[in-house]
Amino acid sequence: MPSTPRRMCKTLRTPDGPRCLAPLPPSARICCDTHSPDFDASYAEYKTAARAADAQRVYAQLERSAVPWIDVAIIDFYLDGIRNYVDAVNIELRLFKEHEVQFFVNG
C-alpha cells in the first residue's frame, strides 16, 4: 500500500531563493512552524490594506447622476478621496501579490 505523501511547507525563503521543504505538522495549515508567523503577518497586512481600500470605496462609487449636484467647493475633496482609494487598492494588490508569491507555489 503506498504511503500518503507528506505535506510540505512551500514558503519562499528569499525573493529569488528556494522554497522551504520542511514537513508540515498535522496541525499546520500551509506553513511549517518556522514560517507560520510570517504567513500570519503577511496575511494580516494585506487584509488591513483591503479594509483601508474598502473604507475609501465610497468615493469611487459616486453615481453619475449625482455629479451635477456636487457643490463646486467640495470637488477637490471627492477627487482626493478617489486618489486615496486608487492608492489604497494598489497597496492592497501589491501586498496580496507578495503574499501569494511567498506562500503559494503558483503565486
Problem set entry | Under-5 Å amide H pairs with M8, H placed in peptide plane, nonlocal only | L24
For this session: Please determine, in degrees from 0 to 90 and to the nearest 10, the orientation of helix 36-60 with respect to the longest principal axis defined by the Cα atoms of the chain, where the helix direction is its Cα long axis.
Result: 20 degrees
Problem set entry | Probe 1.4 Å, accessible area per residue of the chain, Å² | 74 Å²
For this session: Take region 3-68, compute every pairwise Cα distance, and split them into 10 Å bins from 0; I just need the percent in each bin.
Result: 18, 29, 21, 15, 11, 6, 1
Problem set entry | V72 accessible area, 1.4 Å probe, all protein chains in place, Å² to nearest 10 | 120 Å²
For this session: Give the carbon-plus-sulfur fraction of the accessible surface of the chain in %, rounded to a whole number; probe 1.4 Å, heavy atoms of protein chains only.
Result: 58 percent
For this session: Assign unit charges at the C-beta atoms only (+1 for Lys and Arg, -1 for Asp and Glu), then state the dipole size of the chain relative to its Cα centre in Debye, rounded to the nearest 20.
Result: 660 debye
Exercise. Among F39, P15, S27, whose Cα sits farthest toward the positive end of the charge dipole of the chain (+1 at Cβ of Lys/Arg, -1 at Cβ of Asp/Glu, about the Cα centre)?
Worked result: S27
For this session: Output the peptides 35-41, 56-62, 8-14 sorted from most to least packed, where packing is the average of other Cβ atoms within 10 Å over each peptide's residues.
Result: 8-14, 35-41, 56-62
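The values are calculated or read from the model by the stated rules, or taken from the named source; none is laboratory data. A quick note: this is a predicted structure, and the numbers were derived from the prediction, not measured. FYI the Cβ positions are ideal-geometry reconstructions off the backbone, even for glycines, and counts take in every protein chain you see. Keep in mind that these areas ignore ligands, DNA and RNA; they rest on the heavy atoms of the full protein, side chains included. Shrake-Rupley method; radii C 1.70, N 1.55, O 1.52, S 1.80 Å.
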